[in-house]
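Reading through the structure tokens given below for one structure.
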Amino acid sequence: MTNITIRELKPEDLDEYFQYLIENFHGHEPLLLTPGDHNFEPDTPERRASRLAVIKQGLSLVAVDDGGRIVASAYSEAKVPDDFEKTWREVNENKPTAFIDHVYFFLAGIEKRSKLFERFEVSNVLYLNILSVGKTVRQQGLGRRLVSAVIELARSKGFPLIAVSCTSLYSTRIMSALGMTSIHSENYSEYKDEDGNVVIKPPEPHTSVNIMAMKL
Ligand SMILES: CC(C)(COP(=O)(O)OP(=O)(O)OC[C@H]1O[C@@H](n2cnc3c(N)ncnc32)[C@H](O)[C@@H]1OP(=O)(O)O)[C@@H](O)C(=O)NCCC(=O)NCCS
């Protein structure tokens, strides 16, 4: 591996970050590997605006190679209990029909059902929303290194808790190795549409989502 350093993800990285995710995340994250044409547009003005707002919180990190290119990212934000409720209301405004709407509905549901804030009796959390390591530098410990840096950042900013929804067995392993525990888990095979069909079908070995968390 070339010399890789970790730094804050900045607003001026937005174009490169979107391109990085298109090449290294959207065709790689287990839920998005469900077979079929998902008609998912990753780069929209709305998505750019919401990602920019999160990046401006200064809680997201990237790993860059010695040429300064992004090779991994941890997109994180501060969340309070109302955020879970608001997201839950939004995903319930329309019945999910498209695949991607089911994914959002499922993820918002597990966050709510985890009762994260009640369980830890805290009123804010640093939530790691998107963890991604570039396809050419995986399985070399970079994911673990990046998450360690996020944990340190959360501590330094005074967060009482860190949490992640791990859709991949590999990210679940990273979080466990760094001291997080699974506080809520659901199998993909149990989430069905109104006709009783399983909707989210990631490849093996990714069979369940785990909400991993740790008090800081
Ligand atoms: C998940 C991901 C971030 C892991 O990053 P990474 O840098 O490869 O992870 P690490 O090298 O730190 O390894 C983490 C653990 O997963 C295991 N692992 C990672 N990829 C693996 C693979 N393809 N096959 C088997 N084990 C794998 C490692 O062996 C290690 O396990 P160990 O601690 O028991 O040894 C990366 O694969 C990725 O970006 N995938 C696509 C996006 C994604 O799924 N993001 C997470 C969604 S929550």
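The values are calculated or read from the model by the stated rules, or taken from the named source; none is laboratory data. Keep in mind that what you see is a predicted model, and the values were worked out from it rather than measured. Note: ideal-geometry Cβ built from the backbone for every residue, glycine included; neighbour counts use all protein chains shown. All accessible areas refer to the heavy atoms of the entire protein, side chains included, with ligands and DNA or RNA removed. Shrake-Rupley method; radii C 1.70, N 1.55, O 1.52, S 1.80 Å.
So the values come out like this:
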quantity: Condition check for E190: more than 7 Å from the ligand (Cβ to nearest atom), modelled with pLDDT under 95 and over 17 Å from the mean Cα position of the chain (by Cα); calculated: no
quantity: Check on N94, more than 13 Å from the ligand (Cβ to nearest atom) and surrounded by 15 or more Cβ atoms within 10 Å (Cβ to Cβ); calculated: no
quantity: Output for the stretch 162-205, where each listed residue is more than 28 Å from R145 (Cβ to Cβ), open to solvent by 60 Å² or more (accessible area, probe 1.4 Å) and not in a loop (DSSP other than H, G, I, E, B); calculated: N187, S189, E190, K192
quantity: Failed condition for F117, given (1) surrounded by fewer than 20 Cβ atoms within 10 Å (Cβ to Cβ); (2) more than 15 Å from the ligand (Cβ to nearest atom); (3) part of a loop (DSSP other than H, G, I, E, B); calculated: (3)
quantity: Residue tally, condition closer than 30 Å to S189 by Cβ and part of a helix (DSSP H, G or I), over the stretch 4-28; calculated: 4
quantity: Residue count for the stretch 33-81, restricted to those that are in contact with a strand residue (DSSP E or B) (Cβ under 7 Å, 6 or more places away or on another chain), small (G, A, S) and open to solvent by 20 Å² or more (accessible area, probe 1.4 Å); calculated: 1
quantity: Candidate set: the stretch 122-149, residues that are under 13 Å from A213 (Cα atoms) and not polar (S, T, N, Q); chosen: the one farthest from the ligand (Cβ to nearest atom); calculated: V122
quantity: Residue ID - nearest to the ligand (Cβ to nearest atom), chosen from residues in the stretch 150-161 that are open to solvent by 60 Å² or more (accessible area, probe 1.4 Å) and assigned to a helix (DSSP H, G or I); calculated: E152
quantity: Output for the stretch 29-50, where each listed residue is in a helix (DSSP H, G or I), away from the ligand (no atom under 16 Å from the Cβ) and either over 30 Å from V198 (Cα atoms) or not charged (D, E, K, R) (or both); calculated: P45, R48, A49, S50
quantity: Search result, residues across the stretch 147-173 that are farther than 10 Å from L126 by Cβ and touching a residue at least 24 places away in the same chain (Cβ under 8 Å); calculated: V147, S148, A149, S165, C166, T167, S168, L169, Y170, S171, T172
quantity: Out of E93, E77, E85, sole residue that is among the charged types (D, E, K, R) and under 20 Å from E186 (Cβ atoms); calculated: E85
